[in-house]
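Notes to accompany the following structure.
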Amino acid sequence: MRYLFVFLFSCCSYSSVLAQNHVLVIHGGAGSLTPGSVSPGKEAAYRHGMQKALNAGNRILKNGGTATDAVVAAIKVLEDDSLFNAGKGAVFTAAGRNELDASIMDGKTLKAGAVAGVTTVKNPITAARAVMDKSPHVLMAGKGAELFAEKQGCTIMPASYFRTEEQYNTIMDIRRAEQKEQEQKHGSLRQPENPDFKYGTVGAVALDKYGNLAAGTSTGGMTNKSFGRIGDSPIIGAGTYANNNTCAISCTGWGEYFIRLVMAKSISDRIELAHMSLDDAANEMMMKRLPELGGDGGMIGLDRKGNIVNYFNTPGMFRAYIKWNGESAIEMYRK
Ligand code: ASP
């Protein structure tokens, strides 16, 4: 009798685990995006890029893959798309280079991996994953991270692969403007005076059929960054965080502020310690604490029940989601 009970109980809990509904949410950066500021052709290209990323991640979730695999798959698509500031198409540093950062976290195990300042890894998110899965470390930077990524089989590209004319012209415009003004408004981290300007970092959060959460972020950082500057994207707890007990978060925006606020973990802590909902926690951090400090940007979040949130205090943010039942949306502007 006792065995029958145990058998029935484990069958029930197994099926309830399998019955978990999967969800994928992505972002492609926050910035000065307003209706009309992007040409219709370019808007269609952004939407197409986000749709491709949703499809890649959702295919994995649908077939019983893990949230971590889905996050990597979605981010890889966005890294390969030169419209976004991650992988190919990354912004330029003041020294005229593309230096890439990425991170990933598994909400079930709290394992995490990240790389910073890499210049040759085609898909930095795969290097972050390798750090998580195949090393005892969490964050690797520069040459060492590149060597490790190569050893782990990540695709390596010449530095010229990441260059796009659009981003190159942007850094050239900034240099010209700087020379003219001879002043730096916000230190050396200036955003371009470009109507098409976007931060363009990419990120994904996912919930799989087994009830596990994961989060990842990938970026070229901020235009004109200098002296080895690293933003929030590869910092676990700042730009990325996932914990099955609370939520999965990926951020984008002015990284210094997200680091100082420990943004992603602060949202998670509000849920865990103050028993706030994901929505209330994200709202307080993004719409109160971030602007109070003078920062701007956005975030996406997801909890184990499949609740999705996004907040941004910039005019717009590229964002999209798809749910187990096929419900899906792609958005760019403030509603
Ligand atoms: N958060 C990134 C950084 O500061 C930039 C971005 O999200 O656009 O490096």
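Tyr241 passes all but one of (1) open to solvent by less than 10 Å² (accessible area, probe 1.4 Å); (2) touching a Lys or Arg at 6+ places or on another chain (Cβ under 7 Å); which number fails?
With respect to (1) open to solvent by less than 10 Å² (accessible area, probe 1.4 Å); (2) touching a Lys or Arg at 6+ places or on another chain (Cβ under 7 Å), Tyr241 is out only on (1).
Tell me the residue from Thr164, Thr201, Thr170 that is β-branched (Val, Ile, Thr) and modelled with pLDDT of 95 or more, please.
Thr201
Considering each of Ile236, Ile259 in turn, give the residue that is in contact with a strand residue (DSSP E or B) (Cβ under 9 Å, 6 or more places away or on another chain) and open to solvent by 20 Å² or more (accessible area, probe 1.4 Å).
Exactly one residue qualifies, and that residue is Ile236.
Looking only at region 204-233, which residues are over 18 Å from Thr119 (Cα atoms) and either open to solvent by 10 Å² or more (accessible area, probe 1.4 Å) or modelled with pLDDT under 95 (or both)?
Passing the criteria: Lys209, Tyr210, Asn212.
Okay, residues lined up against (1) within 16 Å of the ligand (Cβ to nearest atom); (2) aliphatic (A, V, I, L, M); (3) more than 28 Å from Lys52 (Cα to Cα); (4) in contact with a helix residue (DSSP H, G or I) (Cβ under 8 Å, 6 or more places away or on another chain):
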| site | (1), (2), (3), (4) |
| --- | --- |
| Met276 | no, yes, yes, yes |
| Lys288 | no, no, yes, no |
| Glu292 | no, no, yes, no |
| Gly297 | yes, no, no, yes |
| Lys305 | no, no, no, no |
| Pro315 | yes, no, no, no |
| Lys323 | no, no, no, no |
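Applying the selection to region 84-122, what residues are under 17 Å from Met132 (Cβ atoms), among the β-branched types (Val, Ile, Thr) and open to solvent by 10 Å² or more (accessible area, probe 1.4 Å)?
The answer is Thr109, and nothing else.
Which residue is surrounded by the most Cβ atoms within 10 Å (Cβ to Cβ), if the candidates are limited to region 299-313 and must be out of contact with any Lys or Arg (no Cβ under 9 Å at 6 or more places or on another chain) and polar (S, T, N, Q)?
Checked region 299-313; the qualifying residue surrounded by the most Cβ atoms within 10 Å (Cβ to Cβ) is Asn313.
Do we find that Cys247 is at pLDDT 95 or above and within 8 Å of the ligand (Cβ to nearest atom) in this structure?
Here the answer is no, as Cys247 does not meet what is asked.
In region 288-298, how many are open to solvent by less than 50 Å² (accessible area, probe 1.4 Å) and either more than 19 Å from the chain's Cα centre (by Cα) or free of Cβ contacts under 8 Å to residues at least 12 places away in the same chain (or both)?
Residues in region 288-298 being open to solvent by less than 50 Å² (accessible area, probe 1.4 Å) and either more than 19 Å from the chain's Cα centre (by Cα) or free of Cβ contacts under 8 Å to residues at least 12 places away in the same chain (or both): 1 in total.
So in region 207-240, with the set limited to residues that are among the hydrophobic types (A, V, I, L, M, F, W, C) and not in a loop (DSSP other than H, G, I, E, B), which one is farthest from the ligand (Cβ to nearest atom)?
Ranking the candidates gives Leu207 first.
Tell me, which residue of region 56-83 that is free of Cβ contacts under 8 Å to residues at least 24 places away in the same chain and part of a helix (DSSP H, G or I) is nearest to Met132 (Cα to Cα)?
It comes out as Asp69.
How many of the residues in region 262-287 are in contact (Cβ under 8 Å) with a residue 24 or more places away in the chain and open to solvent by 20 Å² or more (accessible area, probe 1.4 Å)?
Qualifying residue count, region 262-287: 8.
When you check Met132 against the structure, is it crowded, with 18+ Cβ neighbours inside 10 Å and part of a strand (DSSP E or B), yes or no?
Spelling it out, it is not the case that Met132 is crowded, with 18+ Cβ neighbours inside 10 Å and part of a strand (DSSP E or B).
The values are calculated or read from the model by the stated rules, or taken from the named source; none is laboratory data. Note that the structure is a prediction, hence the values are computed from the model and not measured. Note that each Cβ is placed from the backbone with ideal geometry, even for glycine, and that neighbours are counted across all protein chains shown. For accessibility, only protein heavy atoms count, side chains too; no ligands or nucleic acids. Shrake-Rupley method; radii C 1.70, N 1.55, O 1.52, S 1.80 Å.
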